[in-house]
Amino acid sequence: MADPSSYRPQPGQIPDSPGVYRFRDEHRRVIYVGKAKSLRQRLANYFQDVASLHPRTATMVTTAASVEWTVVSTEVEALQLEYSWIKEYDPRFNVKYRDDKSYPSLAVTMNEQYPRVQVMRGPKKKGVRYFGPYGHAWAIRETVDLMLRVFPVRTCSAGVFKRSAQIGRPCLLGYIGKCSAPCVGRVTPEEHRELAEDFCDFMAGRTGTYLSRLERQMHDAAEEMEYEKAARLRDDIGALRRAMEKNAVVLADATDADLIAVAEDELEAAVQIFHVRGGRVRGQRGWVTDKVEAVDTAGLVEHALQQLYGEEKGEAVPKEVLVPALPEDTPALSQWLAERRGAQVSLRIPQRGDKKSLMETVHRNAQQSLALHKTKRASDLTTRSRALEEIAEALELDSAPLRIECFDISHLQGDDVVASMVVFEDGLARKSEYRRFQIKSFEGQDDVRSMHEVVSRRFRRYLQEKLKTGEWSPEEGEDPLAEDDGRPKRFAYPPQLVVVDGGQPQVAAAKRALEELGVDDVAVCGLAKRLEEVWLPGEDDPVVLPRTSEGLYLLQRVRDEAHRFAIQYQRGKRAKRLRSGPLDEVPGLGESRKQALLKHFGSVKKLRQATIDQICEVPGIGRKTAETLAAALAGAVPAGPAVNTATGEIIEDETPAHAGTSFERGTEQ
């Protein structure tokens, strides 16, 4: 591991001009490529104190053994050179987009005498019209099959075309009317090319004129009593409309645009692209990338633009590129895209209307793609086993932690403080074992004190279960943990590892809770969210797992699940508090009788004015319950009258029948 100061350039050596720089390791391999408006300012950032750098950047500069740079005249040239070098050297510390396949496109070979419609992958060829890309080849074939009825363009290979011409008999598509059979001279080359051009126009979004013309021909045929021709045209129109449904209109102004969205976490990012042509989504693609370098959303967008358009020219680069965040060098990127297209390209963030709505759809697809990727990764048995082994090794455990419990605290500015406990067994979530807690011992915001209470309560219940079964007996004078609420075996199984969401203070609180109860066979660690550091009790420095570690990935999943579960409970508790009414405070009054009371009297206000005898008239309400209800409502302070702010009119209290009827279940009180 090299010291960055050993290869730091001398002051004044680095030029203050645009350029591209390369970090090399001791074997002269390029490990990172970057660009800068000012090489001097950018490279100076890498040679600060290593402790102040981002962990990934620190790893890169300590792995490198030298740095070199190339000066260029403009930022656009720097962008082009950076892209070329990343493609050439494939540096290990640059973001790498793993495209799981070459996405197929619908291609029309207009450079041939008899243009052919086919599925094509790989680099674009001159003289070929492309539509897409599509997510699946079968989606292209379905669309083509519908359109061949109206545009019977050749789809056969050169060998099949030549053989049919030699024997003077077309293939099956020629017999069923899905090919105009130019191989046997049914149409001239000019007529066949015109069919191919109509096909391209329709795919490019110019559909309205063509459908209107077909509908006009259908009506004319019907008026002339050529019913077979009219029926055929009707079926042609239906086929084209079904083909159009596969590429639904999403933008009303016939926009040509690419929409790029990013979903990310600390280690990975999913990129999704929708290709909109003629106002329709013509294709979709996406990939998942490791965030090898320290990069934000704007940086991911810049890398995605380079990946998408680095080898494209002409109409393959759209007029408009919509992104979730603008890169730092937006003017240079816009100029670079314009040079590749040969015309102006707009690079911007959609702010309102249909484009913003579609961008939200693309972002949801990116989130789903990232979640699916993580689910597939987590479901692999070998990967889970490796993750547990890595955790055991990093935390110096005697064995792999087959049961992991994670605790998280959630509140809203100190109100409705709750906690969650999630359980992972063999690396998979076991949701039936999840538990929720309300903080009882104090009010206000104190995450450390809350963590101590929750861990204490969880393991107090565990010791109660051991006491029942005789597995544990308290020493003389020790608290026998007698409190019991009659719910056995909910906390009967101990974890091998307790994970808390937080750093040193939360870890210390959890460890103190275990020591106070005499539990010494459960390991404790904390995962701090900012730098994904693993903290151990009594340690001044964190354990830093490698970025590619499956163990770190599993700990993140456990922590994120605990965070999600805690927030879900806290929000539900807050909503219940806001919806609660005076009837919720009456002991012994269940849901059915509350509904019956509200149905009988119409509102809480009228119920409060009723006598005990009138309350007893409600089915299911006895004298004792009526007295308790009347006393409770008399003691409750009625809310002030509601006022219509527009008219000044006092609104009568007409509590709706569903007021105050929500309950939380399965909660550890």
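The values are calculated or read from the model by the stated rules, or taken from the named source; none is laboratory data. In this text, all values refer to a predicted model and were calculated from it rather than measured experimentally. Here the Cβ positions follow ideal geometry from the backbone for every residue, glycine too, while neighbour counts run over all protein chains shown. The protein model used for the area step is the full one, side chains on, heavy atoms only, and it has no ligands, DNA or RNA in it. Shrake-Rupley method; radii C 1.70, N 1.55, O 1.52, S 1.80 Å.
A few comments on the model shown:
- Calculated FRET value between residue 110 and residue 290, using beta carbons and R₀ = 35 Å, to 0.05: 0.30
- Debye, to nearest 20: dipole size of region 13-114, +1 on Lys, Arg Cβ, -1 on Asp, Glu Cβ: 260
- Near-label residues of region 505-529 by backbone N, under 20 Å of a point 7 Å along Cα→Cβ of residue 467: 513-522
- The candidates 356, 594, 440, arranged from most to least accessible area with a 1.4 Å probe in the full protein assembly, appear as 440, 356, 594.
- Normalised by the number of residues in region 496-573, the mean separation of alpha-carbon contacts (under 8 Å, six or more apart) gives a relative contact order of 26 percent.
- When each of the peptides 119-130, 59-70, 450-461 is scored by how many other beta carbons lie within 10 Å of its residues on average, the order from highest to lowest is 450-461, 59-70, 119-130.
- Added length on full extension, which subtracts the Cα-Cα distance from 0.36 nm per residue, residue 623 to residue 438: 63.1 nm
- Once the C-beta distance of residue 357 and residue 606 is scaled by a Förster radius of 45 Å, the resulting FRET efficiency is 0.45 to the nearest 0.05.
- Listed residue pairs exceeding 29 Å between alpha carbons, taken from 319/374; 313/356; 125/178; 126/374; 35/319: 319/374; 126/374
- If you sort 532, 190 by accessible surface, 1.4 Å probe, largest first, the order is 190, 532.
- Heavy-atom surface of region 30-76, accessible at 1.4 Å and reported per residue (Å²): 43
- At most 10 other Cβ within 10 Å, DSSP loop - GluC sites (Glu not before Pro), region 317-400: 396
- Taking each residue as 0.36 nm, the span from residue 539 to residue 226 lengthens on full extension beyond its C-alpha to C-alpha distance by 103.7 nm.
- Debye, to nearest 20: dipole size of region 315-460, +1 on Lys, Arg Cβ, -1 on Asp, Glu Cβ: 660
- Calculated FRET value between residue 383 and residue 595, using beta carbons and R₀ = 45 Å, to 0.05: 0.35
- A Cβ-based charge dipole, computed about the Cα centre of region 159-220 with Lys and Arg at +1 and Asp and Glu at -1, lands at about 400 debye.
- Length released on extending from residue 339 to residue 49, taking residue separation times 0.36 nm less the Cα-Cα span: 100.4 nm
- Using the average count of surrounding beta-carbon atoms within 10 Å as a protection proxy, the listed peptides 265-272, 51-58, 601-608 rank, highest first, as 265-272, 601-608, 51-58.
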